[in-house]
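Below is one structure, written out as structure tokens; the observations come after it.
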Amino acid sequence: MYECPNCGGNLKFDITSQQLACSFCDTHMRPYDVDKETDAVETDYFETTVFTCPQCGGEIFSGDNEAASFCSFCGASTILSSRISKEKRPQYIIPFKKTKEDCKKAYEKKMRFAFFVPDELKDAKHIESFRGIYMPYWTYQLSQNQHVTLNGKKSHRSGDYVITEHYHLTGDLNALYLGYSKDASANFYDNLSETLAPFDAKELVKFTPSYLSGFYADTADVEEDVYLEEVMGLAEENSFERICKEPKFKGYDVDSGKNKNNLRSKLGTVCRTTDRTMYPVWFLSYRNKDRVAYAAVNGQTGKVAVDLPIDMKKYMFTSLILAVIIFVLLNLFLTIKPTTLMMIGCLLALGSAALYAKELNDIYKKEHFIDDLGMQEKIADEESLYEEGNDKKKKNKKTFSVKDFLKKHWITMIWFMVVFGQLGIMFLYAMVVLVWPLILTGTVICGVIGIKKCKKTGDIRKTPGFIVSMIMVGIAVVIRLINPVSDSYYYLGAVLALVAVLFNMMDVISNYNRLVMRRLPQFDRKGGDDRA
Ligand SMILES: [Zn+2]
Ligand SMILES: [Zn+2]
């Protein structure tokens, strides 16, 4: 706690004046002027109050020791236990620029068009629990100072010949990258921090503990080298692009040497320093049974990132009304043959089954943190104790990029296109005959993949969507094969297909909240946990 020298009251950081302010006598002071003796000493650590959530084990620390009455990680409203502890001292901080009022306004604006969210998310009392938390980041300083030689090509046509000239393009590269930052807290999801980005590193100021007064901060638990590769790669791509845009190199086809190691040695990228920094984030959590949804507002720019769960009742009601309107309109303006109607129904069933299979895949990816480097590192550390490399190899596998694939395989692709073009024409003829078997095959494939994913993801026991659509589409195909005279069979087939759609969509929605909300965090895991 920082005491007011005038009246002894509690000094807190005031965003509007960017100074420490006393709420009793209106004294204002520079944060650097109130340092306690222990703060002023240049050590790697500083003293702070650490708050621990009894439910999830999540920890945040603060400059004050006032009781905290809820947990920002799991959303539990409970008194957090507190203790005095030492934390690693950051070098720099961006103090909050947006006040809580600014943050609430930005959030409300974002939520204005979110019709299907539970009412509580828009409730004034809930919004009041936005909490100012400093998030730990690694901020990298990279430089490239080197005489650079790149290969360039220039081609022109002369009669029947194409003449290619090869050049060495040389120059001195002097680049300094200051602001690359990556979140250093495994608790802070990468996808949230990426939506909140960018922070403007120009506003970083020297850290002193009194900046935290009146706010909280999250601890850094991701090592600095986790993101180093990625950040260096970004700097290299950026420099390379700029070099190519250099007016003197215009018209040359510059070859980077294709692989990244090559570019690195050519540009001479070096990481000069890595600083511990703190970035301001307004944070809100919403808990619903065993799920939690987060909203976060960038405390410097006011940018909003928010998980939007769906209120099932609201959604179903609106969809029903829309469906009735569309059905009435269709009937007024179009007459559809019963066979076509049944086919449309089956295609919809196939589409909804595919949608559901994709959703399950996304859930699997999200819950195993496939895209979250920081979190993966943390899990890998925990798992490496009792798990052999096999599974880890899978995790480290690079994600597939269409762009890279096309670059590498464009000749093969063209060859395939020609062949497939011809096949395609034959295929179109065949389609007329094959459409039904294809729909059936598609549905079965989606169903089998989906049911597998259901099992893999765990605790999703809802599979009726897939099974119902396989059965219903099967019946429709049988109807089509028998080719009865009476229209009523086709209408029956169409209705059955739509029932399948309904089942699939119910599964999709009930799992949707699982996709946008997050599992309750568990921080003090020791050894075997449910992720293993
Ligand atoms: Zn005072
Ligand atoms: Zn908690």
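Here, each number is a calculation from the coordinates, and none is a lab measurement. What you see is a predicted model; the values in this text were computed from it and never measured. Note: ideal-geometry Cβ built from the backbone for every residue, glycine included; neighbour counts use all protein chains shown.
Fewest to most neighbouring Cβ within 10 Å: what's the order for 277, 219?
On the way: 277 23, 219 18.
Ascending Cβ contact count within 10 Å gives the list 219, 277.
Ranked highest first by the average count of other Cβ atoms within 10 Å around their residues, in what order do 192-205, 483-496, 287-300, 240-253 fall?
Most protected by this proxy first, the peptides run 287-300, 192-205, 483-496, 240-253.
With r as the distance between the Cβ atoms of residue 43 and residue 448 and R0 = 56 Å, compute the FRET efficiency 1/(1 + (r/R0)^6) and round to 0.05.
Calculated transfer efficiency: 0.40.
Stretched out fully, how many nm does the piece from residue 367 to residue 165 gain, at 0.36 nm a residue minus the Cα gap?
Working: separation 202, 0.36 × 202 = 72.72 nm, distance 5.22 nm.
That pair, residue 367 and residue 165, stretches by 67.5 nm at full extension.
What is the fewest-to-most order of 318, 27, 139 by other Cβ atoms lying within 10 Å of their Cβ?
The order, fewest Cβ neighbours first, is 318, 27, 139.
Just how many % of Cα pairs in region 121-200 lie over 19 Å apart, if you round to the nearest whole percent?
68
FRET efficiency for residue 483 and residue 324, Cβ-Cβ distance as r, R0 = 35 Å, nearest 0.05?
0.65
Along Cα→Cβ, 7 Å out, is where each label goes; now give me the distance between the ones at residue 502 and residue 419 in nm to one decimal.
Placing both labels 7 Å beyond Cα along the Cβ direction yields 4.6 nm.
Assuming R0 = 45 Å, can you tell me the calculated FRET efficiency for the pair residue 317 and residue 230, based on Cβ-Cβ distance, to the nearest 0.05?
Efficiency, rounded to the nearest 0.05: 0.50.
Using a 10 Å cut-off around each Cβ, can you sort 517, 278 from fewest to most neighbouring Cβ atoms?
Working: 517 21, 278 26.
So the ranking, lowest neighbour count to highest, is 517, 278.
Could you tell me whether region 184-329 comes out rounded, prolate or oblate from its Cα gyration tensor? Rule is a ≥ b ≥ c as square roots of the eigenvalues, rounded for a/c under 1.5, then prolate if a/b exceeds b/c, otherwise oblate.
Since a/c reaches 1.5 but b/c is at least a/b, the shape of region 184-329 is classed as oblate.
Give me the dipole magnitude in Debye, nearest 20, for region 91-173 about the Cα centre, with unit charges on the beta carbon: positive for Lys and Arg, negative for Asp and Glu.
300
Given a cut-off of 29 Å, name the pairs among 104/456; 202/303; 337/453; 153/266; 122/456 whose C-alpha atoms lie farther apart than that in the structure shown.
Listed pairs above 29 Å: 104/456; 337/453; 122/456.
Given H placed 1.01 Å from N in the peptide plane, which residues other than close sequence neighbours of residue 288 have an amide H under 5 Å from its amide H?
293
Rounded, prolate or oblate: which one fits region 315-366, using the alpha carbon gyration tensor with axes a ≥ b ≥ c (rounded when a/c is under 1.5, else prolate when a/b beats b/c, else oblate)?
oblate
If you stretched the chain out fully between residue 151 and residue 79, how much longer would it get, using 0.36 nm times the residue separation minus the C-alpha to C-alpha distance?
Length gained, residue 151 through residue 79: 19.6 nm.
Pulled fully out, how much extra length does the chain show between residue 89 and residue 238, if you take 0.36 nm times their separation in residues and subtract their Cα-Cα distance?
Taking 0.36 nm per residue and subtracting the Cα distance, the gain is 50.5 nm.
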